[in-house]
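*Asks:* Here it is, the structure, as structure tokens.
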Amino acid sequence: MKTWIKILIAVIVLVLIVAALTLAFGSVSTGNAIFGGDSVKSFVKCLNDKQVSLFVFDGNLQARAQLKMFGESVSDLKVIDCGVTPEKCIGVMVYPSWGIDGRIVSSGLSLGTLSQLSGCRIE
């Protein structure tokens, strides 16, 4: 087999492995090295104070990854399960989505982006 074909196959296999790992573990950066404990709690408190909501649909892998970012503080986060209360999810087309300042942001967000859009600082 020619060398360039071997290289192409190796690159394709590598891309497939990265894609599988991203799906398995989520593509959201958690920032665990600098974001934990009281920082999570104060960030979630700020999100709640600003009436930021996370819209999920049970079973959605991306939504699970988004919830996982908040660790134990996820129970304090305002999470709306659109499978349970669809009337609260008018306009939500993608899961997860965030309700920020009266608008729907249809995407999973990194903590940095969520911080920027909400005005809540990550300490």
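The values are calculated or read from the model by the stated rules, or taken from the named source; none is laboratory data. This is a predicted model, so every value here is computed, not measured. In this analysis, Cβ positions are derived from the backbone assuming ideal geometry, glycine residues included, and neighbour counts consider all displayed protein chains.
*Asks:* Sort through Lys50, Lys45 and tell me the only one that's surrounded by fewer than 19 Cβ atoms within 10 Å (Cβ to Cβ) and in contact (Cβ under 8 Å) with a residue 60 or more places away in the chain.
*Replies:* None of the others qualify; the one that does is Lys50.
*Asks:* In the range 1-111, which helices (runs of 4 or more DSSP H) lie fully inside it and hold 2 or more residues that are modelled with pLDDT of 75 or more and more than 20 Å from Arg121 (Cβ to Cβ)?
*Replies:* Counting at least 2 such residues, we get 3-25, 61-68.
Conditions tested, residue by residue: (1) farther than 12 Å from Ser118 by Cβ; (2) more than 17 Å from the chain's Cα centre (by Cα); (3) loosely packed, with under 15 Cβ neighbours inside 10 Å.
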| site | (1), (2), (3) |
| --- | --- |
| Gly59 | yes, no, yes |
| Ala63 | yes, no, no |
| Met69 | yes, no, no |
| Glu72 | yes, no, yes |
| Ile80 | yes, no, no |
| Ile90 | yes, yes, yes |
| Tyr95 | yes, no, no |
| Asp101 | no, yes, yes |
| Ile104 | yes, no, no |
